[in-house]
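Taking it in order: structure first as structure tokens, then the write-up.
The values are calculated or read from the model by the stated rules, or taken from the named source; none is laboratory data. Nothing here was measured: the structure is a model prediction, and the numbers come from that model. Because the Cβ atoms are built from the backbone with ideal geometry, glycine has one as well, and the counts that use them run over all protein chains shown. To get the accessible areas, we keep the full protein, side chains included, count just its heavy atoms, and leave off ligands, DNA and RNA. Shrake-Rupley method; radii C 1.70, N 1.55, O 1.52, S 1.80 Å.
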Amino acid sequence: MKKHKRDKTDTIVSRGYQAGISGKSINKCPYTDTTLKHLWLSGWREGREDNWSGLKGVSSIHRLNV
């Protein structure tokens, strides 16, 4: 059976979310391409909002698109 490749956009947003929920700085974005950076930052913003709302650890797992 062939393996389907994951959509990279979902992975990038998920990694940004993980960085945001863990409280990492916005300057930690590993992408320089504007499209990829935008995706990572949108995930980061969602993660930071959840972090500020008190969703940390296990309570934030439902938000990940893994």
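Can you name every residue in segment 24-51 that is open to solvent by less than 40 Å² (accessible area, probe 1.4 Å) and part of a loop (DSSP other than H, G, I, E, B)? If the condition is that a residue be open to solvent by less than 40 Å² (accessible area, probe 1.4 Å) and part of a loop (DSSP other than H, G, I, E, B), then Cys29 is the only one that fits. Checked against (1) at positive phi; (2) at pLDDT 90 or above, Gly57 passes all but a single condition, namely (2).
Within segment 1-23, the set of residues being open to solvent by less than 90 Å² (accessible area, probe 1.4 Å), in a helix (DSSP H, G or I) and touching a residue at least 12 places away in the same chain (Cβ under 8 Å) comprises Thr9, Asp10, Ile12, Val13, Ser14, Gly16, Tyr17, Gln18, Ala19, Gly20, Ile21.
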